[in-house]
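Structure, as structure tokens:
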Amino acid sequence: MGTLAALLFFASLLAHELAHSLVARAKGIPVEGITLFIFGGMARMRLEAEDARDEFQIAAVGPASSLAIAGLFALVWRLGLVAGWHPAVTVTAGYLGFLNALLAVFNLMPGFPLDGGRVFRALVWRITGDPAKATRWAAAAGRWFGYLLMAFGALQLFGGAVLGGMWLIFIGWFLQNAAGMSLRQYLVRNLLEGVGAREIMTADPDAVPDDLPLQELVDDHFLQMRHHAFPVVAQVRPVGLVTLQHVKQVPRHEWPGKRVRDVMTKAEGITVSPWDSVSRVMEVMQEAGERRVLVVRDDRLVGLISASDVAAWLQHEEELAALRTAAGSG
Ligand SMILES: [Zn+2]
């Protein structure tokens, strides 16, 4: 009965997360995957909801489906009692009904990143018209809710309920931590959406021709200039990217005989436009498994962006934001 209940509860969790994912997808928000963990799950979405109404619906459908599932199990429990089914069925159904109702209620707590926090965020967003403020409020609520659980857990702990107390402290700690992380994630994502590739790229990077022998690439380029990578052009058209890593994979005695185009990463899949957002740039890097992308406009190379460019820019932006806050103008 325990095993069956555990499996069915996991299935219920999955249904809850699937509900979020389906509504998100219907709103045009791609869902990367669903993670189930010890006291819940998380549908990982790649974008933010576009308006408060979408956010509300995506968040609310989770607890709503948990409540519906709880109702279903309660129905089985009730029918079983009336019809005199085996207690293994009625007890398991009753227990699952209770667990799902608990899941719905817990998730409705108004702290980010719980569903209730997202509902709260949607409401503040709707009222104030300011998603950033709504996120800050919901994250603060999430943090306080986490502290509250921890305090409650500590009380229980000293009252003698050691295991239950520690469990609450753990969940509380996890929640306040997740609230802070969700807020940072939101702020960074916002930052990345609002800035274009052209603003962080290295403009007019040194490029090498595609028919250059590797020996010359090493002698005249890698050893002369302190770059780790060069865009590759055929005439003037960008066709790829060659890195030190590519060269290292070729035995030294083959360097004179091989050309750049034999070892380079092809430009398809690592190209962005100057007007693509930085988050798009990061997406392309992730999908291609490359640390650099070419910025191309009208079939001409205009820039190069490396992962460390993005990181350095982000750090700079964060320091600026901190300065502005310290100056009291932000
Ligand atoms: Zn949920």
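Some notes on this structure:
- Convex hull (Cα only) mean projected area of the chain, reported in nm² to one decimal: 24.8
- Listed by chain and number, the lysines whose C-alpha is less than 28 Å from the C-alpha of K266, apart from same-chain residues fewer than 8 away, are K248, K258.
- Once the chain from R184 to A68 is taken as fully extended at 0.36 nm per residue, the excess over their C-alpha distance is 38.4 nm.
- Taken about its Cα centre, the chain carries a charge dipole of about 1000 debye when Lys and Arg each add +1 at the Cβ and Asp and Glu each add -1 at the Cβ.
- Given charges at beta-carbon only (K, R positive; D, E negative), |dipole| of the range 228-330 in Debye: 520
- Each peptide in 307-314, 99-106, 16-23 receives the mean, over its residues, of other Cβ atoms within 10 Å, and ordering these scores from highest gives 16-23, 99-106, 307-314.
- Directionally averaged projected area (the range 243-324, Cα convex hull): 7.1 nm².
- Compared with the dominant principal axis of the Cα atoms in the chain, helix 115-128 is inclined by about 70°.
- Loop trypsin sites (Lys or Arg not before Pro), the range 168-270 (other Cβ atoms within 10 Å of the site Cβ: 12 or fewer; DSSP): R226
- Against the chain, whose longest principal axis comes from its Cα atoms, helix 278-288 is set at around 80 degrees.
- Label sites at A234 and V162, each approximated as a point 7 angstrom past Cα along Cα to Cβ, lie 7.2 nm apart.
- q = 0.11, 0.16, 0.17, 0.21 Å⁻¹, the range 1-146: log10 I(q)/I(0) [Debye, one scatterer per Cα]: -0.46, -0.84, -0.91, -1.21
- With a cut-off of 11 Å on the backbone N, the residues of the range 74-96 near the modelled label site 7 Å out from A15 along Cα-Cβ are 74-76.
- Straight-line cross-link partners of K27 among the aspartates and glutamates, defined as a Cα under 18 Å from its Cα and at least 8 positions apart when in the same chain: E17, E48, E50, D51, D54, E55, D115.
- For a label point 7 Å along the Cα-to-beta-carbon line of D204, residues of the range 297-321 with backbone N under 15 Å: 301-304
All of the numbers you see were taken from the coordinates with simple rules; none came from a lab. Model, not experiment: these values are computed from the prediction. Here Cβ is always computed from backbone atoms with ideal geometry, including for glycine, and neighbour counts include all displayed protein chains.
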